[in-house]
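What follows is a set of notes on a single structure, which appears directly below.
The values are calculated or read from the model by the stated rules, or taken from the named source; none is laboratory data. This one's a predicted model, so the numbers in the text were calculated from it and none came from an experiment. All Cβ positions, glycine included, derive from the backbone under ideal geometry; neighbour counts span all protein chains shown.
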Amino acid sequence: MIGHISSYPSIYAIGHKAVTDLFDGPVVVEEKIDGSQFSFGITADGDILVRSKGKDMAPDAPESMFTRAVESVKELAPHLTPGWYYRGEYLQKPKHNSLAYARVPERHIILFDVTTGLESWLSPAEKRAEAERIGLECVPVLHEGIIASAPELVALMREESVLGGVTPEGLVVKNYAKFGPDKKTLMGKYVTEAFKEVHAKEWKVSNPGRQDVLDALIGRYRTEARFAKAVQHLREAGALEGSPRDIGALLKEVQRDIEKECADEIRDALYRWAWPQINRAVTGGLPQWYKERLLAEQFAGVET
């Protein structure tokens, strides 16, 4: 039987309505690493637990991509605190996904959180100490406290990642006092322009037609970065076989990902385009109707 680790909170792009309250109070800001999410721990009986972003895995038969990560966990097991869940980013090699780092982290895992209970977390200082104690690196904490403006957040971006070789993918912002739609700790991400999955394209300046709007939306979300993200998700889930038979699953994963992350944005864009036209059309005929009404009232009660 495969042991269970609860899933990590969803991390929405800053600006998404799910993270409206993200900056309401002190936050922790850390570098976002371009790897694969990986959680692990041990039970009171010493059983090892491991999980990818999407599912629990058997420690003795993990998805092939995570073999090195599980080997690291087995090495670390004697030092882990039973009942705690260690959350990290796993890199099989320096170019694990899109970014080509100069190196992989120690034991291929860089820690970004430790759960000590239900939505209970180690503080950044405690997490750093725990990472050092068990022999792992920890993602850099770039800020603790209030963030009052967008420029203040963007200014936290470093020129080089902690893993070297590239500018960071972006930032992760955590408000441990707030909860998101998934009833878990509220977290958001800011992804650099160079790395963004969505490359915004300008709408036609004046009165775009229906096809213009659809073409702009399709162009905005139909990106190779989005395709690569689908490959990453299915690879982490062990759902790819490396043949054209993967295409059907990839199509569904791209569609699912866009609907989850961008549905509100798409609805807003369609509303902004449609409402001015609807607004004009719904009052069509009102002037003539009101004139006729006034005329009828003028003669109401007049004997003929």
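Taking every residue in segment 163-174 that is within 21 Å of residue 22 (Cα to Cα) and pairing it with any residue that is in a loop (DSSP other than H, G, I, E, B) and of a type in the set (Val, Ile, Thr), at least 6 positions away or on another chain, the pairs with Cβ-Cβ distances below 7 Å are 169/33; 169/192; 170/192. Would it be correct to say that residue 142 is touching a Gly at 6+ places or on another chain (Cβ under 9 Å) and closer than 17 Å to residue 112 by Cα? Answer is no for this residue. Number of residues in segment 117-144 that are on the phi > 0 side of the Ramachandran plot and under 22 Å from the mean Cα position of the chain (by Cα) equals 1.
Here's the yes/no breakdown for (1) in a strand (DSSP E or B); (2) basic (Lys, Arg); (3) over 16 Å from residue 30 (Cβ atoms); (4) at pLDDT 95 or above:
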site	(1), (2), (3), (4)
93	no, yes, yes, yes
107	no, yes, yes, yes
111	yes, no, no, yes
131	no, no, no, yes
144	yes, no, no, yes
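Screening residue 141 on (1) farther than 23 Å from residue 185 by Cβ; (2) in contact (Cβ under 8 Å) with a residue 12 or more places away in the chain shows it passes everything except condition (1). Looking at segment 204-304, the helices (runs of 4 or more DSSP H) lying wholly inside it that each contain 2 or more residues that are loosely packed, with under 11 Cβ neighbours inside 10 Å and either at pLDDT below 90 or in contact with a helix residue (DSSP H, G or I) (Cβ under 7 Å, 6 or more places away or on another chain) (or both) sit at 210-221, 247-281, 286-298.
Condition check for residue 93 on (1) crowded, with 20+ Cβ neighbours inside 10 Å; (2) within 24 Å of residue 224 (Cβ to Cβ): one failure, at (1). All conditions in (1) without any contact (Cβ under 8 Å) to a residue 24 or more places away in the chain; (2) under 17 Å from the mean Cα position of the chain (by Cα) hold for residue 93, with the sole exception of (2).
Might you check whether a residue that is closer than 25 Å to residue 168 by Cα and surrounded by fewer than 18 Cβ atoms within 10 Å (Cβ to Cβ) occurs anywhere in segment 72-90? No, segment 72-90 contains no residue that is closer than 25 Å to residue 168 by Cα and surrounded by fewer than 18 Cβ atoms within 10 Å (Cβ to Cβ).
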